[in-house]
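Data block below; observations after.
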Amino acid sequence: MSNAFDKMSVLAVDDNRTNLHILQVFLKKLGHDVILAENGEQAVQRFQKDHPDLVLLDIMMPVMDGFEAARRIKAASRDKWVPIIFLSALNRDENLVEGLEAGADDYLTKPINFVVLEAKLRSMQRSLALQRNAAVSLQRLQAISDNVLDAIITVDCKGEILSLNRATERIFNRRIRDLLGQPVSTLLPALLTAPTGTDRNGQAVCALSAFKGRDRESVGRHGDGSDFPVEVGVSEVSIDQEGLFVCVIRDISERQKAARQLQENAALLQTYYDHSQSEQQLAVRLMEKLLHRPGLSDPRLRYKVTASENFSGDIVAAARSAAGRFYALLADATGHGLPAAISVLPVLALFYRMTRLNVDIPELVFELNQQLKESMPVGRFVAATLLCLDETGKTGEIWIGGTPEALMLDRDGNPAMRFASENLALGIQESDLINCAPRCFTWEPGSQLLFYSDGLLEAADREGRQFGSEGVLAALRGQPGENRFARLEEALAAHLGENPAADDVSLMLIDCP
């Protein structure tokens with residue numbers, strides 16, 4: 001063999017020191033490590049201390065004979081298989097039977113035929129290698145199983161739990177050791193598990209077999225007795241002609257909650273689409289009322305939102321906390337019109353609620369992303385620029401996810417700092433994966449911050465030429481701070497001419513005192 005199991009640790013036990021020395025020389029020549037003991041009691045002690053891979057054991061010894069030593073060694077090894085080979089001058093059949101019953105795996109009579117002993121050792125090596133490879137595979141499978149988010153439970157034909165993974169503990173709030181051997185109905189009370197009859201071979205048929213091949217919704221039960229919705233998938237396997245069932249269980253509480261929210265959103269959306277034009281105008285007025293909050297009247301802020309349809313998927317928001325910090329948000333939802341407008345409403349409401357609490361940007365980003373992950377369908381997300389200014393200390397924090405870069409303009413209208421978009425839009429990643437850390441900055445008196453959506457950059461004239469960042473910088477360059485916003489509006493209007501913008505356009509200009 002040419003693997004890690006070529007070298008074994010062998011415990012050699014014999015009360016005859018000459019025999020023991022011969023065994024030691026022989027085993028070392030084969031490349032094995034050797035542990036020596038001169039009686040059964042020493043053998044048990046050395047086994048417990050050194051944990052050898054294999055034991056060569058004499059039978060007739062003082063203090064404790066080989067039979068008793070074998071029994072104790074087998075008991076000490078527990079679930080681990082440690083081969084024991086008896087080496088004895090006792091060659092009657094009853095000696096062989098007693099040795100095997102004591103736990104030995106093989107029996108070799110003295111005088112020892114070392115060619116045969118070497119062959120037996122190699123055979124044991126191969127068996128040990130197979131066992132350890134299998135153990136490693138099982139450990140890998142268990143590690144994989146324990147890192148699966150869903151509960152995985154193995155059940156026998158009586159409906160009793162044979163094994164389960166760590167996720168089962170978390171999902172059901174029950175300890176693994178308390179569940180082994182219990183009926184699976186302890187976890188899934190609505191799932192029938194009692195045998196329903198026998199098959200043509202006379203084997204009991206479990207009711208779980210009726211659920212094979214398809215997922216079904218059911219009810220799970222927590223350790224405190226409370227029920228929650230789950231999705232259960234059942235498959236059947238046969239091991240040693242014994243039927244086993246593997247149940248994969250997923251907690252769908254959040255999914256059902258999200259589905260209800262989606263249904264509510266879809267119903268609301270359908271209502272808007274079904275209304276007449278006059279009702280759409282009413283909806284426009286309602287949306288404007290929701291969007292135009294007192295914070296947008298801050299004297300340091302100028303903004304504009306132009307919708308490409310009746311409703312805009314771009315929003316701007318501003319607020320001051322009780323501690324005096326200034327917050328601003330520019331958000332751009334996926335798509336256009338009413339679906340995009342509805343997408344940003346949860347962001348708007350949460351922004352105003354949390355800024356009143358004077359929260360930091362990382363917490364605000366986390367909560368906004370979590371809200372979108374829970375309420376938005378797959379494929380819908382919101383790009384955003386978030387700002388917090390502490391005007392007393394002249395320090396700021398900015399986080400950008402999916403929107404164009406933000407600019408810090410100096411007194412001459414040139415970019416003093418650029419804040420690139422370093423993150424994905426909100427609602428794409430799970431909240432524990434998103435980078436919520438903002439970029440921190442300070443500013444010089446007379447500076448201004450400019451935010452805008454990609455609709456501004458992508459606004460195209462009749463020839464398809466986009467306004468781009470070059471158009472933005474050209475409009476601002478050399479303009480005094482009080483004229484820049486109006487000049488940017490004029491430059492965009494001149495670029496578009498009579499061609500309407502294909503996307504919603506939003507921009508914010510904020511004075512930094």
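The values are calculated or read from the model by the stated rules, or taken from the named source; none is laboratory data. On a predicted model such as this, the values are computed, not experimentally measured, just so you know. Backbone-built Cβ (ideal geometry, glycine too); neighbour counts: all protein chains shown. Heads up: the accessible areas ignore ligands, DNA and RNA and are worked out on the full protein's heavy atoms, side chains in. Shrake-Rupley method; radii C 1.70, N 1.55, O 1.52, S 1.80 Å.
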Filter result for N358 (touching a Ser or Thr at 6+ places or on another chain (Cβ under 6 Å), open to solvent by less than 10 Å² (accessible area, probe 1.4 Å) and either on the phi > 0 side of the Ramachandran plot or touching a residue at least 40 places away in the same chain (Cβ under 8 Å) (or both)): no
In segment 150-180, anything aliphatic (A, V, I, L, M), farther than 18 Å from L244 by Cβ and in contact (Cβ under 8 Å) with a residue 24 or more places away in the chain is listed as I171
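Yes or no, residue by residue, for (1) in contact with a strand residue (DSSP E or B) (Cβ under 9 Å, 6 or more places away or on another chain); (2) farther than 24 Å from H32 by Cα; (3) open to solvent by 80 Å² or more (accessible area, probe 1.4 Å); (4) among the hydrophobic types (A, V, I, L, M, F, W, C):
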{"residue": "D50", "(1), (2), (3), (4)": "yes, no, no, no"}
{"residue": "R71", "(1), (2), (3), (4)": "no, yes, yes, no"}
{"residue": "D79", "(1), (2), (3), (4)": "no, no, yes, no"}
{"residue": "I84", "(1), (2), (3), (4)": "yes, no, no, yes"}
{"residue": "N95", "(1), (2), (3), (4)": "yes, yes, no, no"}
{"residue": "L100", "(1), (2), (3), (4)": "yes, yes, yes, yes"}
Checklist (1) open to solvent by less than 50 Å² (accessible area, probe 1.4 Å); (2) at pLDDT 85 or above; (3) in a helix (DSSP H, G or I) applied to I249, failing item: (3)
Output for Cβ contacts, cut-off 7 Å, separation at least six or different chains, first residue in a strand (DSSP E or B) in segment 306-328, second open to solvent by 50 Å² or more (accessible area, probe 1.4 Å) and of a type in the set (S, T, Y), reads V316/Y303
Which one of these does P445 not meet: (1) open to solvent by less than 50 Å² (accessible area, probe 1.4 Å); (2) in contact (Cβ under 8 Å) with a residue 60 or more places away in the chain; (3) not small (G, A, S)? (1)
Let me confirm something: among A328, A340, A322, A318, which residue is open to solvent by 50 Å² or more (accessible area, probe 1.4 Å) and more than 18 Å from L433 (Cβ to Cβ)? A322
Could you grab the pairs with beta carbons closer than 6 Å, sequence gap of 6+ or different chains, first residue in segment 66-80 and over 18 Å from N95 (Cβ atoms), second one open to solvent by 20 Å² or more (accessible area, probe 1.4 Å) and modelled with pLDDT of 90 or more? A76/Q48
(1) open to solvent by less than 20 Å² (accessible area, probe 1.4 Å); (2) farther than 19 Å from L20 by Cβ: which one isn't true of V44, the others all being true? (2)
A careful count of residues in segment 454-480 that are in a helix (DSSP H, G or I) and either open to solvent by less than 20 Å² (accessible area, probe 1.4 Å) or among the β-branched types (V, I, T) (or both) gives 7
Quick check on this structure: which one of A307, A317 is within 27 Å of E458 (Cα to Cα), touching a helix residue (DSSP H, G or I) at 6+ places or on another chain (Cβ under 7 Å) and at pLDDT 70 or above? A317
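Residue-wise test of (1) more than 19 Å from G225 (Cα to Cα); (2) open to solvent by less than 70 Å² (accessible area, probe 1.4 Å); (3) more than 29 Å from the chain's Cα centre (by Cα); (4) modelled with pLDDT of 85 or more.
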{"position": "S163", "(1), (2), (3), (4)": "yes, yes, no, yes"}
{"position": "A167", "(1), (2), (3), (4)": "no, yes, no, yes"}
{"position": "R174", "(1), (2), (3), (4)": "no, yes, no, yes"}
{"position": "L188", "(1), (2), (3), (4)": "no, yes, no, yes"}
{"position": "G197", "(1), (2), (3), (4)": "yes, yes, yes, no"}
{"position": "N201", "(1), (2), (3), (4)": "yes, no, yes, no"}
Considering each of F47, F67 in turn, give the residue that is in a helix (DSSP H, G or I), over 18 Å from F114 (Cα atoms) and more than 51 Å from the chain's Cα centre (by Cα). F67
Top-ranked residue in segment 390-442 [being in a loop (DSSP other than H, G, I, E, B), open to solvent by 60 Å² or more (accessible area, probe 1.4 Å) and among the β-branched types (V, I, T); ranked as modelled with the highest pLDDT]: I428
